[in-house]
Amino acid sequence: MLTVWGRATSSNVQTAMWTIGELGLAFERHDIGHAHGGNDTPDYLAMNPNGLVPTVRDGDGAPMWESAAIVRYLAARYGDDRFWPRDPVVRVQLDMWAEWMKTSFGPLFSKQVFWVLLGRAANTDAAAFSASLEALKRLAAMLDRRIGAGPYVGGEHLSFADMVIGTLLYRYYTLDFDRAGTPALDAYYARLCARPSYREHVMVSYESLRTQP
Ligand SMILES: N[C@@H](CCC(=O)N[C@@H](CS)C(=O)NCC(=O)O)C(=O)O
């Protein structure tokens with residue numbers, strides 16, 4: 001049994017939860033963070049000194065944090081060779097895109113677009129926002145070319161890389177802003193939306209984040 005600490009509205013919690021859902025693992029999740037609080041207690045900080053969510057424990061194993069590390073652990077431990085290719089030569093071609101999402105597309109979109117549009121980011125300068133949208137268009141076009149015919153990031157089969165890459169697309173496609181024309185990425189997102197685990201764990205309203213602390 002996996003125990004997950006983290007609110008359903010957190011994109012990083014969603015990444016972990018979607019993975020758990022796709023792998024069909026048993027879990028219990030506790031709402032922690034933002035309006036729920038609970039991530040600044042001594043007990044929580046002993047598990048995760050960052051005071052962030054998610055934190056995950058597998059049985060009575062040591063607590064894990066950093067959502068992408070959690071995805072890799074779950075995939076390596078419970079996924080088959082398609083979800084977590086055992087061959088490092090194959091796996092790195094997926095992992096570099098997962099890492100790219102966490103370090104390039106993800107921070108740009110979340111910090112410079114998502115939180116700005118939700119009215120929660122300090123940087124709302126119009127020129128800076130427009131530059132961020134142009135930069136995001138270039139990254140979206142890169143991802144569009146990678147996806148190509150897909151159907152998934154690694155080609156024929158869903159993998160751990162989709163968990164890291166696909167989560168933010170829900171916010172990306174449901175917010176109203178000027179996006180790049182990316183037919184392959186659009187089709188990929190539509191395929192994710194057809195997956196029950198994506199619908200359950202990722203397609204979660206973020207409206208409460210506009211107002212809650
Ligand atoms: N790099 C970390 C980032 C974790 C993170 O920033 N979590 C956010 C939510 S997405 C958080 O804990 N925010 C404070 C809160 O929810 O109270 C990861 O991928 O897990």
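Computed quantities for the displayed model
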{"read-out": "Residue count for the stretch 74-89, restricted to those that are crowded, with 19+ Cβ neighbours inside 10 Å and in a helix (DSSP H, G or I)", "value": "2"}
{"read-out": "Single match in Trp18, Trp65, Trp5 (criterion: within 17 Å of the chain's Cα centre (by Cα) and near the ligand (Cβ under 7 Å from one of its atoms))", "value": "Trp65"}
{"read-out": "Lone qualifier among Leu117, Leu143, Leu94 - being in contact (Cβ under 8 Å) with a residue 60 or more places away in the chain and in contact with a Leu (Cβ under 7 Å, 6 or more places away or on another chain)", "value": "Leu117"}
{"read-out": "Residue within the stretch 87-109 that is near the ligand (Cβ under 9 Å from one of its atoms) and at pLDDT 95 or above present", "value": "yes"}
{"read-out": "Leading residue by the ranking (nearest to Asp186 (Cα to Cα)) among those in the stretch 119-137 that are under 21 Å from the mean Cα position of the chain (by Cα) and assigned to a helix (DSSP H, G or I)", "value": "Lys137"}
{"read-out": "Test: residue in the stretch 182-202 that is more than 23 Å from Pro54 (Cβ to Cβ), in a loop (DSSP other than H, G, I, E, B) and either within 16 Å of the ligand (Cβ to nearest atom) or not assigned by TED's automatic domain parsing to the domain that holds Arg72 (or both)", "value": "yes"}
{"read-out": "Members of the stretch 191-203 found to be touching a residue at least 60 places away in the same chain (Cβ under 8 Å), within 19 Å of Arg29 (Cα to Cα) and surrounded by fewer than 19 Cβ atoms within 10 Å (Cβ to Cβ), listed by number", "value": "Pro196, Ser197, Glu200"}
{"read-out": "Checking Pro63 against (1) in contact with a strand residue (DSSP E or B) (Cβ under 7 Å, 6 or more places away or on another chain); (2) surrounded by 20 or more Cβ atoms within 10 Å (Cβ to Cβ), the condition it does not meet", "value": "(2)"}
{"read-out": "Unique residue being β-branched (Val, Ile, Thr), surrounded by 13 or more Cβ atoms within 10 Å (Cβ to Cβ) and either part of a loop (DSSP other than H, G, I, E, B) or not assigned by TED's automatic domain parsing to the domain that holds Thr55 (or both) when the list is Val116, Val92, Val71", "value": "Val116"}
{"read-out": "Near pairs, Cβ below 8 angstrom, 6+ apart or cross-chain, from the stretch 41-57 (among the basic types (Lys, Arg)) to any residue that is modelled with pLDDT of 95 or more and away from the ligand (no atom under 12 Å from the Cβ)", "value": "Arg57/Leu2; Arg57/Thr3; Arg57/Met47; Arg57/Pro63"}
{"read-out": "Filter result (within 13 Å of the ligand (Cβ to nearest atom) and either among the hydrophobic types (A, V, I, L, M, F, W, C) or over 19 Å from the mean Cα position of the chain (by Cα) (or both)) within the stretch 21-46", "value": "Ile32, Ala35, His36, Gly37, Gly38, Asn39, Asp40, Thr41, Tyr44, Leu45"}
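The values are calculated or read from the model by the stated rules, or taken from the named source; none is laboratory data. Note that the coordinates shown come from a computational prediction; the quantities given were computed from them, not determined experimentally. Heads up, the Cβs are rebuilt from the backbone with ideal geometry, glycines too, and the neighbour counts pull from every protein chain shown.
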